[in-house]
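One structure below.
Every read-out reported here was derived from the displayed coordinates using simple, explicitly stated rules and does not represent laboratory data. On a predicted model such as this, the values are computed, not experimentally measured, just so you know. Backbone-built Cβ (ideal geometry, glycine too); neighbour counts: all protein chains shown.
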Amino acid sequence: MLLWVTQANGALHEVNAQEGQTLLSAIQNASVDGLVAECGGNCVCATCHCYIDEAQIASIQPADDDEEQMLEFVAAERKDNSRLACQLQITSNMDGLKIQLPDRQF
Ligand code: FES
């Protein structure tokens, strides 16, 4: 499936994603800069922060308690549509999902 990832500078990227992989993995595989992912996807660094399109966020699985706690430590503004890309599993209903990357991860 295809995801649409916009970097902080406005550059739009088409990202291929497979069901079962994480959003972090999909974006890294596409070589789109903007996620640091310092902890390697273990939900302890909050440097894989991204924003999910507000119109689409209700259709994806909510953050669990660990992700919610780590979202308190994101560097850029935390919003209602903030998620950690390493904790978001790609599911079949995500085709066309739009993701905005923040301007900083530290
Ligand atoms: S990569 Fe560290 S919290 Fe997601």
Considering (1) over 18 Å from residue 98 (Cβ atoms); (2) surrounded by 16 or more Cβ atoms within 10 Å (Cβ to Cβ); (3) not hydroxyl-bearing (Ser, Thr, Tyr), say which one residue 1 fails and leave the rest.
-> (1)
Selected residue (criterion: farthest from the ligand (Cβ to nearest atom)) from residues of segment 1-14 that are out of contact with any Phe, Trp or Tyr (no Cβ under 7 Å at 6 or more places or on another chain) and part of a strand (DSSP E or B) = 2
